[in-house]
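Below: the structure, in structure tokens.
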Amino acid sequence: IGLILHSCSQEKQSETKDNAQTEAIQTAWEESGEWVQKLTLSPDKIVRNANWGQDFGSVNDSLELAESQPEKGKSYTLYFDDTDLNFSDISYIPNEQNKLQEIVFDIFVESSEDVQPLIDQWKKYLDAKFGPSETKGKSILWTKNKNTRIQLENVSTPKDPGIKISFKAVN
């Protein structure tokens, strides 16, 4: 009898832990700021309501297609305001089996002062959702999640301040 009780209480503990983690992710997302929210759409699934391995044909974004398209995949543009200075290209990239394997955000901002706060917002949210990050040179990496690898990089040039974030399925 003791054994049965023990296994039940363990299930409850992991359920409570899952709920707490879900709440922490939701809170981090709600505090992440307008841009992170517009780019991720919700804290559900991996990012932009997509899952790794879904049929590439089922990847459908409501945004307009980007001017330049990747060799493989589809790219869309999200404008954050009425200027052409604050925007992100979002590329969905399939694997050889035509399943979703990677999502890349190329985020451009008007001013170089906007870069670090945006990196901080992403980092806080991604740390909550995908586990602690590590910094290597100019990149911040998330490698603890069993399904997803993320790399965030400050790719600013004097003329084009911005960051690049890639979400990639782990094979």
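Take the residues of region 115-164 that are assigned to a helix (DSSP H, G or I) and over 24 Å from residue 50 (Cα atoms): which is most open to solvent (accessible area, probe 1.4 Å)? Walk me through how you get there before you give the answer.
Step one: filter region 115-164 for residues assigned to a helix (DSSP H, G or I), giving 115-130.
Now narrow it down to the ones that are over 24 Å from residue 50 (Cα atoms): 115-117.
Working: 115: 7, 116: 97, 117: 68 Å².
For region 115-164, the residue satisfying everything is 116.
Scan region 52-61 and tell me whether some residue there is surrounded by 16 or more Cβ atoms within 10 Å (Cβ to Cβ), β-branched (Val, Ile, Thr) and modelled with pLDDT under 95.
yes
Check off (1) acidic (Asp, Glu); (2) in a strand (DSSP E or B); (3) at pLDDT below 95 for residue 81 and give me the number that stays unchecked.
It is condition (2) that residue 81 fails.
Any residue in region 29-43 that is assigned to a loop (DSSP other than H, G, I, E, B) sitting within a Cβ distance under 6 Å of a residue that is open to solvent by less than 80 Å² (accessible area, probe 1.4 Å)? List the pairs, counting only those 6 or more apart or interchain.
If the second residue must be open to solvent by less than 80 Å² (accessible area, probe 1.4 Å), the pairs left are 32/121; 32/125; 33/121; 41/48; 41/49; 43/25; 43/26; 43/29.
Would you pick out the residues in region 68-114 that are without any contact (Cβ under 8 Å) to a residue 24 or more places away in the chain, closer than 12 Å to residue 161 by Cα and open to solvent by less than 60 Å² (accessible area, probe 1.4 Å)?
Residue satisfying the conditions is 87 alone.
In this structure, does residue 168 turn out to be closer than 28 Å to residue 69 by Cβ and of a type in the set (Lys, Arg)?
Working: closer than 28 Å to residue 69 by Cβ: yes; of a type in the set (Lys, Arg): yes.
Yes, satisfied.
The values are calculated or read from the model by the stated rules, or taken from the named source; none is laboratory data. Note that the coordinates shown come from a computational prediction; the quantities given were computed from them, not determined experimentally. FYI the Cβ positions are ideal-geometry reconstructions off the backbone, even for glycines, and counts take in every protein chain you see. Side chains are part of the model used for accessible areas, which takes the heavy atoms of the whole protein and leaves out ligands, DNA and RNA. Shrake-Rupley method; radii C 1.70, N 1.55, O 1.52, S 1.80 Å.
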